[in-house]
Structure formats: structure tokens, C-alpha cells
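Here is the structure we will look at.
The values are calculated or read from the model by the stated rules, or taken from the named source; none is laboratory data. Just so you know, these numbers come straight off a predicted model, no measurement behind them. Counting neighbours? That spans all protein chains shown, and the Cβs are built from the backbone with ideal geometry, glycine included. Protein only, heavy atoms only, side chains kept; ligands, DNA and RNA dropped before computing areas. Shrake-Rupley method; radii C 1.70, N 1.55, O 1.52, S 1.80 Å.
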Amino acid sequence: MKLLPKIIIISVALFVTGCEKAIDVPLKTASPRLVIDASIDWVKNTAGNEQKIVLSTTTGYYSSEFPSVSGAVVTVTNASNAVFNFVETPGTGQYVCHNFLPVIGQTYNLKIVLNGETYTASETFTPVPKIEDNIDQNDKGGDVGDEIEITFYYKDNASQANAYLNNITQPHSPFPELEVEDDEHTNGKLMQESFSHEKLKAGDQVDFKLYGISKSYYNYMFKLILATGNDGNPFPTTPSAVRGNIINQTNSNNYAFGYFRLAEMDTKSYRIK
């Protein structure tokens with residue numbers, strides 16, 4: 001009578017082991033579409049004159065590389081009609097400006113001319129409060145209280161509506177943890193953000209980046225985080241294409257992915273004790 005359970009256990013073990021084999025499902029690949037990473041970030045207490053815009057295209061699901069896009073004319077114009085030219089480092093798809101002038105509250109216009117088509121976007125430079133010096137460590141974080149948890153703080157500006165993007169990196173994840181917040185219920189208050197990870201240990205460094213963002217970019221990132229299933233929801237939404245604020249003025253059907261963002265940013269690093 002004991003033989004049957006053993007056979008069942010062995011059969012299940014073999015079945016599970018067999019299921020570990022990676023299977024590549026043939027997928028239809030849509031035509032490549034332009035991706036514009038136009039994130040103008042001004043780190044507090046720096047000149048902010050060195051900025052970069054990256055052009056690439058979408059690629060197949062199983063590809064780990066995004067083809068770069070060369071040959072574009074990329075400019076950003078401020079409210080005073082000063083034009084900042086972003087010149088490509090040859091063959092990289094990275095367009096660099098060395099004399100950019102960031103001004104909080106000023107509106108900037110992006111223009112990209114590529115293959116006879118013109119892409120445009122407009123956005124306002126958004127401020128950010130500084131990250132407070134006091135960072136707390138709690139060794140009872142996570143869902144079951146067995147993870148190291150780090151909390152940092154920043155003071156919301158009560159005189160205006162604000163939105164924020166948090167970017168947290170640490171050595172045990174290849175990609176940053178992203179989260180967006182607004183001050184709808186915390187206007188003027190000391191805001192806090194906590195992060196924990198099961199592999200964090202003494203000596204690890206955790207890096208925090210806090211961006212001041214527009215409400216439209218907040219809405220964009222909120223949808224993007226939901227679409228990628230990185231919001232912590234056990235029942236994520238179906239992945240879908242999220243459109244940004246960049247418009248193809250020549251051919252609306254040939255739209256680009258990406259967003260033109262101008263954000264002041266503060267940074268802070270913490271070493272796990």
C-alpha cells in the first residue's frame with residue numbers, strides 16, 4: 001500500500017522538473033515604433049547644463065536590446081526662445097546638450113525631426129523638496145516582518161499641488177523600484193517613503209532619487225506602472241501600450257512612445273547597518 005504514494009510523489013516531481021524547461025512561444029512582432037526618452041533631470045545644487053535625450057525603437061518580446069536611432073535633429077526651446085541643440089554621439093542614438101539652462105517653472109518645447117516627420121511636446125520644469133538627512137532603518141519590515149526596511153522623508157510644499165516620482169535602487173535588483181505619489185491628502189506635510197527587500201543586509205547601499213513631476217507625468221507613470229505589473233497588485237491589469245505627451249505632427253498614426261519630462265531631482269544614499 002505504501003508503493004502508490006511513492007509513485008505519485010515521483011511522478012509529480014518529474015512533472016514539475018519537466019515544467020522548468022523554458023519554452024519560447026512564437027509571437028507576432030509589430031513594426032518597430034520610435035521610443036523617445038526625453039527626461040531632462042536637474043540634480044539639486046548642480047548646473048544642470050549636461051542633458052541627454054535617447055532615441056531607440058521597440059523590438060521583439062524576447063530581444064534584450066533596443067535598436068538605437070540615428071540621424072534625427074533634436075532641439076529644446078525655452079520660453080525666451082533660446083534653442084538648445086542636442087547632438088548625437090555618432091551611432092549611439094544618444095543626443096547630448098552641453099549648454100542647457102534649467103529654470104524652475106519655465107515651459108520648454110521639444111522638437112524632433114526624423115525621416116521627414118516632426119515630433120513635438122511641451123512641459124514645465126517642476127521643483128522638488130530636498131530629501132531630509134534623517135533616514136530610518138527598521139529590521140521588521142516586509143509582509144511578515146523579517147526584512148530590513150528603510151524610510152526616507154521630504155517636506156511637501158503647501159503653496160502648490162505637487163506630485164513626485166521615487167526611484168530606489170539597491171544591489172539585489174537589476175531594475176529600480178519606481179513609485180509615484182501626490183499630495184492630495186498630504187499637502188504641506190512631512191511625507192515618507194519606505195522600502196524593504198528580502199535580501200538586504202548590513203553593508204548594502206540603497207540609493208534614493210526623488211523627482212518633482214507634473215500631474216500629467218504622474219498620470220502617465222501611474223498607468224505605466226500598472227501596465228507593467230510592478231505596483232504590487234496580485235491581480236495586475238493586462239499589459240498595454242501607454243502613450244506619453246509626444247505628438248507626431250506629420251503623421252498621427254505613426255506615434256512615438258515616451259515622454260518629455262523636466263524634473264528637479266534630489267538624491268540620497270544610505271548604507272545598511
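Confirm whether ASN157 is part of a loop (DSSP other than H, G, I, E, B) and either at positive phi or not hydroxyl-bearing (Ser, Thr, Tyr) (or both). So ASN157 passes the test. Quick one: is GLU149 over 20 Å from the mean Cα position of the chain (by Cα), closer than 30 Å to SER194 by Cβ and surrounded by 15 or more Cβ atoms within 10 Å (Cβ to Cβ)? In short, yes. A count restricted to segment 203-216 and to residues that are open to solvent by less than 40 Å² (accessible area, probe 1.4 Å), among the small types (Gly, Ala, Ser) and outside any loop (DSSP other than H, G, I, E, B) stands at 1.
Against the numbered list (1) more than 22 Å from the chain's Cα centre (by Cα); (2) over 17 Å from THR124 (Cβ atoms), PRO67 comes up short only at (1). Restricting the first member to segment 122-136 and to residues that are in a strand (DSSP E or B), and the second to residues that are open to solvent by 50 Å² or more (accessible area, probe 1.4 Å) and among the basic types (Lys, Arg), the beta-carbon pairs closer than 6 Å and six or more apart or on different chains are ILE131/LYS268. When segment 185-202 is filtered for residues that are open to solvent by 40 Å² or more (accessible area, probe 1.4 Å) and touching a residue at least 12 places away in the same chain (Cβ under 8 Å), the ones remaining, listed by number, are THR186, ASN187, LYS189, LEU190, GLN192, SER194, GLU198, LYS199, LYS201, ALA202. Quick check on THR118: is it under 24 Å from the mean Cα position of the chain (by Cα), outside the structural domain of GLY203 (by the TED database), open to solvent by less than 70 Å² (accessible area, probe 1.4 Å) and among the hydroxyl-bearing types (Ser, Thr, Tyr)? No; evaluated as a whole, the condition is false for this residue.
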